[in-house]
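The values are calculated or read from the model by the stated rules, or taken from the named source; none is laboratory data. Small disclaimer: the values here were computed from a predicted structure and weren't measured. With ideal geometry, Cβ positions are generated from the backbone for all residues, glycine too; neighbour counts draw on all protein chains shown.
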Amino acid sequence: MKKVLVGIFILALLVLAGCGKTDTANDKGVKPEQEELMNQYQVLINENKPVRELTSFIVSNETILSRENMDKAVIDLIEVAQTRLKDYEDKIFSPEINIPLNNYKYEDLAQLQNIKEEDIKNLLQEAFNNGYKLAASEGMYYLEIDYDKMLKDFGGHTSDEVAGFLEIMAAEGDKHFASDAALTISLDELANRIVKTEKYIETYPDFALSQQVKQFHSWYLKAYLLGLNNTPLFDYQTEKAKDKFLESYETTINSQKGTKLAGIMEEYLALLKKYDYARSDEIMVFTDRMTAEN
């Protein structure tokens, strides 16, 4: 009987010991997995693997990575893609590529149709595979990051902070606010982008890539306050503010109450009225100060 009791006691100790080990593994199992995944990802970056490989790694692990690590992985991907973009710019603007490239229609280049030069076709195919897309401005083709694709791939798995950044960048990539020194979106849409970037900066002031949002906010605001060379606020003949700008300013004041932009536009309209809606040194000083501060 004593032997039986001793055997049961030993068995119980073994079971408890086994349970203890299992619990410890469960408690710590998640963290080592996260660390291992992020270490693997960092190795890919350190080895200068193509952007497509980094993207594939994130997509393969997006349901496993923690929200924090998903954010870090996507931010790192963006930074790598931005750095690598310089290499593509050097290639696409080289004479042997750029001169024949500009003889093609955008549709042919975007779909890689009817491209005779293999070096051009291969360069674009490689760029597209690595998350870049073709854009055009002032009669020149160039490549830029396809943020819309990033948003679709990762937006649902990142924090609002990262997803919001991708949304802002994707909106600009899908429809640039300006081209050839002219506005390409409506004034009201431009105002909406100012407010969106304004709120993002206020909500996430310490975001790793916030400086890029601040840059766009500054460009948007300056374009809204003064227009651009080919879409100016002040008419070149009369030097008076154009009605379409003034009407948009009124709309913004009424529809964006409580925003910094609405406050700026109230002050700006009063200043314009003071000078009978004509250009003045005080107006220019005001716009310089607003774009510098915001």
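Residues of region 171-197 being among the basic types (K, R) and either touching a Ser or Thr at 6+ places or on another chain (Cβ under 8 Å) or farther than 21 Å from A136 by Cβ (or both), which ones?
Filtering region 171-197 for residues among the basic types (K, R) gives 175, 193, 196.
Passing the criteria: K175, K196.
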The number of residues in region 51-76 that are farther than 17 Å from D160 by Cα, surrounded by fewer than 18 Cβ atoms within 10 Å (Cβ to Cβ) and not small (G, A, S) is 4
Total residues in region 172-204, condition closer than 16 Å to A135 by Cβ and either free of Cβ contacts under 8 Å to residues at least 12 places away in the same chain or not small (G, A, S) (or both): 8
Flag for G155 being assigned to a helix (DSSP H, G or I), small (G, A, S), in contact with a Leu (Cβ under 9 Å, 6 or more places away or on another chain) and outside the structural domain of T197 (by TED's automatic domain parsing): yes
Got a sec? Which of A208, A223 is more than 11 Å from I168 (Cα to Cα) and within 15 Å of the chain's Cα centre (by Cα)? A208
Would you mind finding the one in Y224, Y277 that is among the aromatic types (F, W, Y), closer than 19 Å to S186 by Cβ and surrounded by 14 or more Cβ atoms within 10 Å (Cβ to Cβ)? Y224
Among the numbered criteria (1) closer than 29 Å to A110 by Cα; (2) touching a Phe, Trp or Tyr at 6+ places or on another chain (Cβ under 8 Å), which one does K175 miss? (2)
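Return the only residue of E247, E189, E172, E202 being in a helix (DSSP H, G or I), at negative phi, within 15 Å of the chain's Cα centre (by Cα) and modelled with pLDDT of 95 or more.
Values: E247 fails: within 15 Å of the chain's Cα centre (by Cα); E189 fails: within 15 Å of the chain's Cα centre (by Cα); E202 fails: within 15 Å of the chain's Cα centre (by Cα).
Just a single option satisfies the conditions, and that option is E172.
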Condition met for I115 (part of a loop (DSSP other than H, G, I, E, B) and either surrounded by 15 or more Cβ atoms within 10 Å (Cβ to Cβ) or touching a helix residue (DSSP H, G or I) at 6+ places or on another chain (Cβ under 9 Å) (or both)): yes
